[in-house]
Amino acid sequence: MFALPLAENAVLRPLEPWQAPEYLAHIERGRAHIDRWIGWAALAADLESARAVLQRYADRQAADSARLFGIWLDGTLVGGVMFVQWDTKTGTCEIGVWTEPAAEGRGLIGTAVRLLIDYAFTTRGMHRIEWHNRPDNVRSRAVAQRLGFTLEGVMRESYLHRGVHHDGEVWSMLTHEWKPAGGPAGAAEAAGA
Ligand SMILES: CC(C)(COP(=O)(O)OP(=O)(O)OC[C@H]1O[C@@H](n2cnc3c(N)ncnc32)[C@H](O)[C@@H]1OP(=O)(O)O)[C@@H](O)C(=O)NCCC(=O)NCCS
């Protein structure tokens, strides 16, 4: 129900508070992998805090200030994508992503992010989407690059993670840079490039 196909065996669906046990089980499988780069998994330390994360996003979605979606591969929750920030007044938003190891390297995140970009620009008329990553997070920056985001710069030691002040890259895409058929990469493929 309410599922968008990402691949033959994978779908994107809303991720909601009632799914907290499934979400926690997924986070446990991916915790070490995700923790290495971002503080997302650490927010869900147990069932109560996992439910609180999902409830916070549900509340923010109701206020139109964020959105959260899960990725199911062969019926198992394996990752997700979200609008970490969503500000209709300025027309700007930020996309965040994560997977457990079993879902990595299949193109699911890139495909899901395309759907989010399309929703932001085409459905909601947003103007600018940001993507933030550590420079050494090569898989994350590769997603932004493949989708046609532009690297704007490095915020020096802006990201505190596990006691270390990491540099943070900011990438962005503006509405006129997105081609709804699938974005820059998709358009190039369609044109036979
Ligand atoms: C960042 C993260 C989500 C990226 O996941 P990912 O699986 O590399 O991204 P995608 O789903 O877009 O997959 C791209 C990979 O799938 C491969 N792929 C396989 N089949 C594919 C297909 N049908 N279509 C597109 N790509 C495909 C691509 O070649 C690419 O692999 P490569 O980089 O080894 O060449 C993941 O590494 C992660 O969760 N990291 C920890 C948390 C994190 O850092 N989050 C981001 C914080 S900024």
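Assorted remarks:
- Unique match (being under 22 Å from residue 9 (Cα atoms), surrounded by 15 or more Cβ atoms within 10 Å (Cβ to Cβ), touching a helix residue (DSSP H, G or I) at 6+ places or on another chain (Cβ under 8 Å) and not aromatic (Phe, Trp, Tyr)) among 108, 68: 68
- Tally of residues being assigned to a loop (DSSP other than H, G, I, E, B) and either in contact with a helix residue (DSSP H, G or I) (Cβ under 6 Å, 6 or more places away or on another chain) or surrounded by fewer than 15 Cβ atoms within 10 Å (Cβ to Cβ) (or both) across segment 144-177: 3
- Number of the condition not met by residue 119 [criteria: (1) farther than 18 Å from residue 3 by Cα; (2) surrounded by fewer than 18 Cβ atoms within 10 Å (Cβ to Cβ); (3) of a type outside the set (A, V, I, L, M)]: (1)
- Of the criteria (1) over 16 Å from the mean Cα position of the chain (by Cα); (2) among the aliphatic types (A, V, I, L, M); (3) surrounded by fewer than 18 Cβ atoms within 10 Å (Cβ to Cβ); (4) within 17 Å of residue 67 (Cα to Cα), which one residue 32 fails: (4)
- Hits in segment 7-48 (condition: of a type in the set (Phe, Trp, Tyr) and either away from the ligand (no atom under 12 Å from the Cβ) or not in a loop (DSSP other than H, G, I, E, B) (or both)): 18, 23
- Leading residue by the ranking (farthest from residue 85 (Cα to Cα)) among those in segment 111-132 that are touching a residue at least 60 places away in the same chain (Cβ under 8 Å) and not hydrophobic (A, V, I, L, M, F, W, C): 111
- Count of residues meeting criterion [within 13 Å of the ligand (Cβ to nearest atom) and either among the hydrophobic types (A, V, I, L, M, F, W, C) or surrounded by 13 or more Cβ atoms within 10 Å (Cβ to Cβ) (or both)] in segment 123-143: 13
Laboratory data are not the source of any read-out in this text; all were calculated from the coordinates shown. Not measured: the values here are computed from a predicted model. Using ideal geometry, Cβ is built from the backbone for each residue, glycine included, and neighbour counts are taken over all protein chains shown.
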